[in-house]
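Below: the structure, in structure tokens.
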Amino acid sequence: MSAPEPDTAPERPETELPEAAKDDPARRRHRRRRAARIAHITTTAMVAVLGAIVGILLVPATRVEVGPLTATVHLRPSLQSETVILLPPVGEVRFDTHTAPVQVEMRVQGVDIDLAEQLLYSDDAVAQLSANAPEALTGAAARNAAANAVFAAIGAGLAVGLAFRRPRRALVAGGSAVAVVGASLAVTSVTFRPDALYQPKFEGLLSQATYIADISQSTVVDYASYRDTLAEFVGQVSALYIAADSLPVGLSSEELITVLHISDVHDNPQAFDVVEELDSQFAIDLVIDTGDIVSWGTQFENDLLHPIGRLDVPYVFVSGNHDGQATSATIAAHDNAIVLENEVAEVGGLTIAGIGDPRFAADDDSDAGGWQAGKDAVSASGFQLGDTITAYDEEHPEDPVDIALIHDPTQPDGLLGRTSLVLSGHMHTSSVELDRDGSGTDWLTVGSTGGALASGGVRPVLDGEDPLELTARMLYFDAETQRLVAYDDIVMGGLGLVSVSIERGQMPPEVPELEVPEGAETPEAPIPTEQEVEPGEGLPDEDRVTPTDPISPTPEVSDGGGD
């Protein structure tokens, strides 16, 4: 016997209901209530998220001492899951350390120089740092994470409470914010990869040097190796900052004129990258270039000088023995550039005199002074600039020349005792000669900012030796007295070497009197008539001395070379 049929048929989906049933008032009210609930939940969630984000943005960074470093740790919501170590002013290092929408940011605020030096020379200090640094950073990160959760809860709760005037809803929003932040931090902790420390990414000046340290690679990565690597990293950062010790007492950055001295770029485009990075990260007031920016003086090389015009500071240039007239003209065409030819100019608060090299020999890599004709020409140009400085100082006793620029430092007599500071290049190695020959003149020569790339810089690599380093020098002048008070030598590994260093030098407080040394007096006729440089004009290339035949021919270029 079959079961009786049910009195009512199963309820059909709404899509199969008759039109009259779909328009039933009860069903319409149900749909409206459901839509209102969805809109309400969505709006509440959006308000809570915005409030939580505002709260997190207000979280202060957590201060921590990591060996000699004083740093701050800050956790931020981010689509880039990484750890960032900021090393002002030389750039930053990024590590892909975890998988979570969180960025862990550590900013070095300062360095205890005494402790840093102990770290460099004491195995016990390194061992202690290896033991304590991870806990210090982990503790700081945990405290900042807790602050993130609290501020997110307060922000979400306040936003929802003020928007909807419902305390219960505000509490739910605050609790949800804590849960979301906690889950993100838990994922960060669980997915943290210590081996990521071996795969850094660089920005700023550090990107030009590849890395601040040669941290050893390891095939087995565990917590112990992470601790050692972290300690080594802190030690290398400390070494970087030891050089950048404090400026002389009583001077702040507002009371300084900061000058970047470069030289002997020799066609290396990386040098301009370095200049732009230093310009963006240091408060540079002007750039001084003491020549040999190219190697053969061709139009092709001159067309590569456009980065000069991108700088937002003055660019003061004197030509070297590789720079032709066309090169100087190309540089002078930039609005921010000044080419000095036996003349004096006031630039960036300093009075600067300069003269170009009297020689022009494409790719002349003879000995540093050149042959006798070249030596005599360099000596004569030094005396001519010295006479120009003396005449200027007599006309401006209250504002004498602060800096003299010349490319080759090997024939100094014409400038000794006539000005307090001379800057030069040409030698491809840096040197500092204070009170040179008892004249009261300080003479600073900077190495090759381009690693002499197109003028012999590749040769050591071909011979199995290290390439020339890329060097630049930061000079700090007292804005009131225009005296040099300190300088930083910046050295980076050339052609792929992984190193960068900054070494601070401070000038002695005593300022010696200027006095022309015996035997360095101006001769009666120091300058051959054909080599007299009219201020602002310079020597035509055909009147400049060629001390020796080039060791390699000028490259063939279809659109011609320098005049």
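Here the range 256-306 has 56 percent of its accessible surface on carbon and sulfur atoms, given a 1.4 Å probe and all protein chains in place. Rolled with a 1.4 Å probe across the full set of protein chains, the surface gives S189 an accessible area near 90 Å². Label-to-label distance, E346 versus D303, with points set 7 angstrom from Cα along the beta-carbon direction: 4.1 nm. Taking a ≥ b ≥ c as the square roots of the Cα gyration tensor eigenvalues, with a/c under 1.5 meaning rounded and otherwise prolate when a/b beats b/c, else oblate, which class fits the range 248-353? In terms of gyration-tensor shape, prolate.
Amide H contacts for L539 (H built 1.01 Å from N in the peptide plane; partners 5 or more residues away or on another chain; cut-off under 5 Å): none found. Accessible area per residue was computed with a 1.4 Å probe on protein heavy atoms; T99 scores about 80 Å².
Gain on full extension, evaluated as 0.36 nm per residue between T42 and E82 minus their Cα-Cα distance, stands at 11.4 nm. H396 sits with roughly 70 Å² accessible to a 1.4 Å probe, with DNA, RNA and ligands left out of the calculation.
Taking 0.36 nm per residue of separation and subtracting the Cα-Cα distance, what length does fully extending A332 through Q109 add?
On the way: separation 223, 0.36 × 223 = 80.28 nm, distance 4.00 nm.
Once the chain is fully extended between A332 and Q109, it gains 76.3 nm.
For the pair E480 and E524, what calculated FRET efficiency results from E = 1/(1 + (r/R0)^6), where r is the Cβ-Cβ distance and R0 = 51 Å, to the nearest 0.05? Here the calculated transfer efficiency is 0.80. Amide H contacts for V316 (H built 1.01 Å from N in the peptide plane; partners 5 or more residues away or on another chain; cut-off under 5 Å): V287, I288, D289, I338.
Per-residue 3J(HN,Hα) values for the range 269-283, derived from phi via the Karplus relation 6.51 cos²θ - 1.76 cosθ + 1.60 with θ = phi - 60°, read x, 4, 4, 5, 4, 4, 4, 5, 5, 5, 5, 7, 9, 10, 7 Hz in sequence order (x marks Gly and Pro). Using the Karplus relation 6.51 cos²θ - 1.76 cosθ + 1.60 with θ = phi - 60°, the per-residue 3J(HN,Hα) values for the range 141-153 come to 5, 5, 5, 5, 4, 4, 5, 4, 4, 5, 5, 5, 5 Hz, with x marking Gly and Pro.
Evaluate E = 1/(1 + (r/R0)^6) for F192 and A35, where r is the Cβ-Cβ distance and R0 equals 35 Å; express this FRET efficiency to the nearest 0.05. Write out the running numbers ahead of the final one.
Details: r = 43 Å, r/R0 = 1.23.
It comes to 0.20.
Of the heavy-atom accessible surface of the range 392-444 (probe 1.4 angstrom), what whole percent is carbon and sulfur? Percent of accessible area from carbon and sulfur atoms in the range 392-444: 43.
The values are calculated or read from the model by the stated rules, or taken from the named source; none is laboratory data. Worth saying up front: this structure is predicted, and the values here are computed from it rather than measured. Note that we place each Cβ from the backbone using ideal geometry, even for glycine, and neighbour counts take in every protein chain shown. With ligands, DNA and RNA removed, areas are computed over all heavy atoms of the protein, side chains included. Shrake-Rupley method; radii C 1.70, N 1.55, O 1.52, S 1.80 Å.
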